Structures are given as C-alpha cells and as structure tokens.
C-alpha cells in the first residue's frame, strides 16, 4: 500500500465520497452529462461501421488525455500558488483558531484531484493503445 501522509489523511477525511456526493451540483451535472454522452455514443455506434467508430475513439482518447495533462499542470500550479501564499504566520493563526482540519481538507482536495486526473490519463492512454491495435472485434451485443 502507499506510504504517504497525504494518502493517509485522504483516507481519514474520506475524500473519495466527494466524487459521489449526490447532494452536490457538480455530481448531479456529471451524471447528467455522462447520460447524454452515453446516449449520443449509443446512436453513433448504431449508425457507423467499426472502422469509423475505432477512428473516432482513437482521436477522442488521445485528445482528451493530452488535454487532461494540461489540466493536471494547472492543478499542480494552483496547489503551488496556494501553498506559496500560505505563510507560517497564517498557518499558526489557523491552528490557533482550531481550523487546521479545514486547511488540510482544502490542500488534500488538490492532491485528490491530481490522483484522479492521473488515473484517468493513464486509462485513456491505455484505451488509445488498445483501440489503435489491430484486434478483431465482435459486437454481438449491438
């Protein structure tokens, strides 16, 4: 398992539940957007040949993965700016009013976002490699 204090704090604060918090607007919008994309993909797949579908999939996975690399850089730079702005004096003030946990949760949100984005980038590049290979597909479920 990962031996990292930030990773342990993520487990302590249960940051994974933030991805599936159905009471938040972002989560509901993500589910709604995913449903629209799935419906659009279903109709696109039914009206195309496997070569066209594969070509679109190769292009989309590569382009989205490259875009997410830029997003990951933006996230890391945001964390760097945030931690650079927080001085020792401010940290001492936050600790004195017993709000250290809130500051840790804020910084861990960037850490968690970086982990999720990294996993998605790796997954998309693996899908890109898989879809650009010459495997034979049998789409009997369509």
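The values are calculated or read from the model by the stated rules, or taken from the named source; none is laboratory data. The structure displayed is predicted, hence computed values, not measured ones. All Cβ positions, even for glycine, are placed from backbone atoms using ideal geometry, and neighbour counts span all protein chains on display.
Looking only at the range 82-91, filter to residues that are loosely packed, with under 11 Cβ neighbours inside 10 Å and either over 20 Å from residue 9 (Cα atoms) or modelled with pLDDT of 85 or more (or both); which one of those is farthest from the chain's Cα centre (by Cα)?
My answer is 89.
Take the residues in the range 22-53 that are surrounded by 10 or more Cβ atoms within 10 Å (Cβ to Cβ) and touching a residue at least 24 places away in the same chain (Cβ under 8 Å); name whichever of them is farthest from residue 132 (Cα to Cα).
Once the filter is applied, the top-ranked residue is 45.
Just need a number here: residues in the range 92-131 that are more than 23 Å from the chain's Cα centre (by Cα) and closer than 30 Å to residue 55 by Cα.
So the count comes out to 0.
All but one of (1) touching a helix residue (DSSP H, G or I) at 6+ places or on another chain (Cβ under 7 Å); (2) on the phi > 0 side of the Ramachandran plot hold for residue 14, so report the exception by its number.
(1)
Quick check: is even one residue across the range 44-54 in contact with a helix residue (DSSP H, G or I) (Cβ under 7 Å, 6 or more places away or on another chain) and within 26 Å of residue 18 (Cβ to Cβ)?
Within the range 44-54 (the criterion being in contact with a helix residue (DSSP H, G or I) (Cβ under 7 Å, 6 or more places away or on another chain) and within 26 Å of residue 18 (Cβ to Cβ)), the answer is no, since none of the residues qualifies.
Select from the range 60-72 the residues that are without any contact (Cβ under 8 Å) to a residue 24 or more places away in the chain and surrounded by 12 or more Cβ atoms within 10 Å (Cβ to Cβ) and list them in ascending order.
Correct list: 60, 63, 66, 67.
Within the range 114-130, is there a residue that is farther than 30 Å from residue 59 by Cβ, assigned to a helix (DSSP H, G or I) and touching a helix residue (DSSP H, G or I) at 6+ places or on another chain (Cβ under 8 Å)?
No: zero hits.
Quick one: residue 57 ticks every box in (1) touching a residue at least 12 places away in the same chain (Cβ under 8 Å); (2) under 17 Å from residue 119 (Cα atoms) except a single one, so which number is it?
(2)
For the range 93-125, what are the residues that are more than 17 Å from residue 10 (Cα to Cα) and at pLDDT 85 or above?
If the condition is that a residue be more than 17 Å from residue 10 (Cα to Cα) and at pLDDT 85 or above, then 93, 96, 97, 120, 121, 122, 123, 124, 125 are the ones that fit.
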